[in-house]
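Everything below concerns the one structure shown next.
The values are calculated or read from the model by the stated rules, or taken from the named source; none is laboratory data. Here the structure is a predicted model, which is why all the values come from computation and not from measurement. Positions of Cβ are generated from backbone atoms using ideal geometry, with glycine treated the same way; all protein chains shown enter the neighbour counts. These accessible areas exclude ligands, DNA and RNA; they are computed on the full protein's heavy atoms, side chains included. Shrake-Rupley method; radii C 1.70, N 1.55, O 1.52, S 1.80 Å.
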Amino acid sequence: MTINLPYFLISVAIMALVTYLPRMLPLVIFRKKIQNHYIRSFLSYVPYAVLAAMTFPAIFSAGKEERIFIFLTAALAGLVVALILAYHQKGLLTVALSASAAVFLAELLMKLAA
């Protein structure tokens, strides 16, 4: 198998540009601290929205057919823990790690009970 080097380099450059621009543009556009209360409030919820966007599809597609009950129960346990911690305004890392631990423990308990 041969690699088309110009195509590969152009593809990497485009991917780098596409991933770098959304990170760089806010720093260039908003040089001063954002004073608007509504925009600051909206931006404070973005990390939780991103976590939810990554988590919900995995919850609803979790598991294999023969053990679907175990996987869905574990996913539901992780969802409940994440929602409770997010409601109590815990940090994003705390929410993600606690939800992962809840999924692990629930899955372990369900497999031991079966």
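At a glance:
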{"quantity": "Any chance T55 is open to solvent by less than 100 Å² (accessible area, probe 1.4 Å), touching a residue at least 24 places away in the same chain (Cβ under 8 Å), part of a helix (DSSP H, G or I) and not hydrophobic (A, V, I, L, M, F, W, C)", "calculated": "yes"}
{"quantity": "Within the stretch 13-47, tally of residues that are open to solvent by less than 60 Å² (accessible area, probe 1.4 Å) and either outside any helix (DSSP H, G or I) or within 16 Å of L83 (Cα to Cα) (or both)", "calculated": "3"}
{"quantity": "Restricting the stretch 62-71 to residues that are in contact (Cβ under 8 Å) with a residue 12 or more places away in the chain and open to solvent by less than 100 Å² (accessible area, probe 1.4 Å), the residue that is farthest from V50 (Cα to Cα)", "calculated": "I70"}
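Residue by residue, here is whether (1) within 15 Å of Y48 (Cβ to Cβ); (2) surrounded by 14 or more Cβ atoms within 10 Å (Cβ to Cβ); (3) out of contact with any His (no Cβ under 7 Å at 6 or more places or on another chain); (4) β-branched (V, I, T) holds:
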position: A75; (1), (2), (3), (4): no, yes, yes, no
position: L79; (1), (2), (3), (4): yes, yes, yes, no
position: I84; (1), (2), (3), (4): yes, yes, yes, yes
position: L93; (1), (2), (3), (4): yes, no, yes, no
position: S98; (1), (2), (3), (4): yes, yes, yes, no
position: F104; (1), (2), (3), (4): no, no, yes, no
position: E107; (1), (2), (3), (4): no, yes, yes, no
position: L112; (1), (2), (3), (4): no, no, yes, no
